[in-house]
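Read-outs throughout are calculated quantities, based only on the coordinates presented, and are distinct from any laboratory measurement. As the structure is a prediction and not an experimental result, all values here were calculated from the model. Here the Cβ positions follow ideal geometry from the backbone for every residue, glycine too, while neighbour counts run over all protein chains shown.
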Amino acid sequence: MILDAKNIESRASLTTDVCIVGSGAAGITLALELGRRNIDVVVLTGGRERESAADRDLYRGTPDAAHPHEPLEENRRRVFGGTTVAWGGRCIPLEPIDFTERPWVPNSGWPVPYDEVRPYFDRAMELCEAGPFDFDAAAVFSPERAALLDDFDNEDLTSSNLERWSPPTNFGKRYKNELRQAPSLQVILGGHAVHVQLDADGNSVKHIVASGGGEHRFFVTARSYVLAAGGLENPRILLNSADVHSAGIGNSADLVGRFYMSHLTGSVAKIAMAEPRPVLRSAFEKDTDGVYCRRRFALTPFAQTTHEVGNAIATLHRPPISSAVHRDPLFSAAFLAKSYRDVARQGSPGAVLAGLRASSAARSEHWKVLAGTRADSISSVAGIFRDRYLRKRRLPSVLAPPTAAEQHILYQTEHAPNPDSRVVLAAEQDAFGLRRMTVRPAFSDVDVETIVELHRLLAERFDKTGLGSLEFDEPRLREHISGYPLHFNSQAHHLGTTRMSVGPADGVVDVNCEVHNVRGLFVMGGSVFPTGGHANPTLTIVALSVRLAAHLGKQRP
């Protein structure tokens, strides 16, 4: 059943087995898995099927000039489906090495081994509609077509590991009917969780206070409660619920909000391909199920251990397309499509008109590129445009053709856990009276060296194989990296702020994601990650949610 919070009587009390706060990938996965076990669940979405300006404002944070970060509402959606409504669909699991304690990565190591989480990835792949759990190009395609470049892979680098791409799946739209029809589920649209009320002893939850807006309040009492509101909102709820524990729930060791991680990403290098041109296999290729897969360059566990760096990958990337200097009709078409789409999303007719006027000059140059395109190239551009923007399972990105003389690369590397990287409460309050957040990202030496070593090893390998040359200007690269504290963007990867640990001295939740010393209160999402590897987090979040649902199912009386 799906209902609106405004139809719940003010001061009403709802009783259920499990109360879930959040309806993104984590919350909806939990609800689906519990519903299939006929466990009674109430889901508080904190948004409706369309995001209002007032709901979006609830995610706004307070900037800290000393620790720049993108606006906190930029990469999040307070809406049914959560951030999956804007998800790109990239599916990559965390790897075995990410779960291990690595002496050269301070505060690394998960309290659960990879082998314990691995079985839950199969169901996660199904929910994300990303095909089977198979990321080996040799198995998915063939050994002869495994590597991005023949004779490239060695003990330090591999180019035959894959990432898979969801259509992308908007969890709200995709699973709306199943949630509505499940007899044991109640999804409350616009049900904002505003407070976790503990019992007087502080060791268990009495109820969650929710609101449909304004002074409207109702209460949800459950056997188990799960905060699945995202890597920034989860710690915010815990820290704001400070009436019993003055420092916030789960914060006896001052760890809620610490160890904030994302990923470090950027494009500062390109490959000049050798002549005659080596065979560069298409970065995006469909498997037999029609799922897009992508090969990429990756540091092996051997390289990470030998060079004492974090996990890292580099993917083929398009050149900057905002300027038409590339004179490429494919990239001009991609720029125009994105530009018009972004303007259309601005909402009101006035805002759309203003957006059209503001970017008309830039667009005119790209239209000139298209106007000069040969007729025999139009069908190719149109086909890629169709696959990228009109198909249900869309082409993830528009890239240069494999025959191009130059290939740009984009790196994505691990952001090492750092207690000085954190989320804190600000003095300013939102419409519900909850204190807003300030985010203060911080970085470690290993973050810098991981990026540098990835580029160094790639440059050396291209030189040795003669397949091309990757420009490697170490001073320029280090100068680029030094800009992170000034120009940080999380790309919606919000990790580590309620980290998993064996005991309360080292983290916020235990191996089952239950808050230390608070019975029945669980946290789910990227916030429980002790480390983040290089991988986009959604697939692992869904796998951990399936795992938590199994645990809660076993607890049922």
Normalised Cα Rg of the stretch 139-241, dividing by 2.2 N^0.38 Å with N its residue count, works out at 1.80
Just list whichever of Lys6/Lys206; Lys176/Lys206; Lys286/Lys392; Lys6/Lys392; Lys173/Lys554; Lys270/Lys392 have alpha carbons separated by over 26 Å in the model shown. Lys176/Lys206; Lys6/Lys392; Lys173/Lys554; Lys270/Lys392
Students often get this wrong: which residues of the stretch 405-420 have the backbone nitrogen under 18 Å from the point 7 angstrom along Cα-to-C-beta of Asp506? 416-420
Okay, helix-only estimate at 222 nm for the chain: each DSSP H run of n ≥ 4 adds -39500 (n - 2.57), divide by all residues, round to 500 deg cm²/dmol; what do you get? -8500 deg cm²/dmol
Using alpha-carbon coordinates, inclination of helix 445-465 to the longest axis of the chain, degrees: 30 degrees
Ranked by Cβ crowding within 10 angstrom, fewest neighbours first, how are Val452, Val518 ordered? Val452, Val518
Cα centroid separation - the stretch 1-50 against the stretch 268-286, whole Å: 48 Å
Helix 375-389 sits at what angle to the longest principal axis of the chain, using alpha carbons and giving 0 to 90 degrees rounded to 10? 20 degrees
Length gained when the stretch Asp445-Asp201 is fully extended (0.36 nm per residue, less Cα-Cα span): 83.6 nm
What residues from the stretch 178-203 fall in the zone where the backbone N is under 15 Å from a label point 7 Å along the Cα-to-C-beta line of Ser10? none
Only bridges whose two residues both fall in the chain count here: according to DSSP, what percent of them are antiparallel, nearest 5? 70 percent
Starting from the Cα of Ala427, step 7 Å along the direction of its Cβ; do the same at Ser246; then give the gap between the two resulting points in nm. 2.0 nm
What FRET efficiency comes out for the pair Ser282/Asp254, r = Cβ-Cβ distance, R0 = 45 Å, nearest 0.05? 0.35
Model label zone, Ala139; criterion: amide N under 14 Å from point 7 Å along Cα-to-beta-carbon; scope the stretch 271-299: none
Taking N as the number of residues in the chain, what is its alpha-carbon radius of gyration divided by 2.2 N^0.38 Å? 0.98
Give me Glu129, Glu70, Glu233 sorted ascending by neighbouring Cβ count inside 10 Å, so fewest comes first. Glu70, Glu129, Glu233
Determine, from the Cβ-Cβ distance of Glu471 and Thr306 and an R0 of 30 Å, the FRET efficiency 1/(1 + (r/R0)^6), rounded to the nearest 0.05. 0.80
Once the piece of chain linking Glu126 and Ala65 is laid out straight, how much longer is it, given 0.36 nm per residue of separation minus the C-alpha distance between them? 17.7 nm
Nearest-0.05 FRET efficiency for Asp420 and Phe219, computed from C-beta distance (R0 45 Å): 0.75
Expressed as an acute angle from 0 to 90° and rounded to the nearest 10, what is the orientation of the C-alpha long axis of helix 329-344 relative to the principal long axis of the chain? 20 degrees
Given 10 °C and 1.306 mPa s, compute D for the stretch 215-310 with the Stokes-Einstein relation, Rh being the Kirkwood radius over Cα pairs; round to the nearest whole µm²/s. 81 µm²/s
Relative packing of 132-138, 455-461, which averages over residues the other C-beta atoms within 10 Å, highest first: 455-461, 132-138
Over 18 Å, how big is the tail of the calculated P(r) for the stretch 76-212, in percent of all Cα pairs? 74 percent
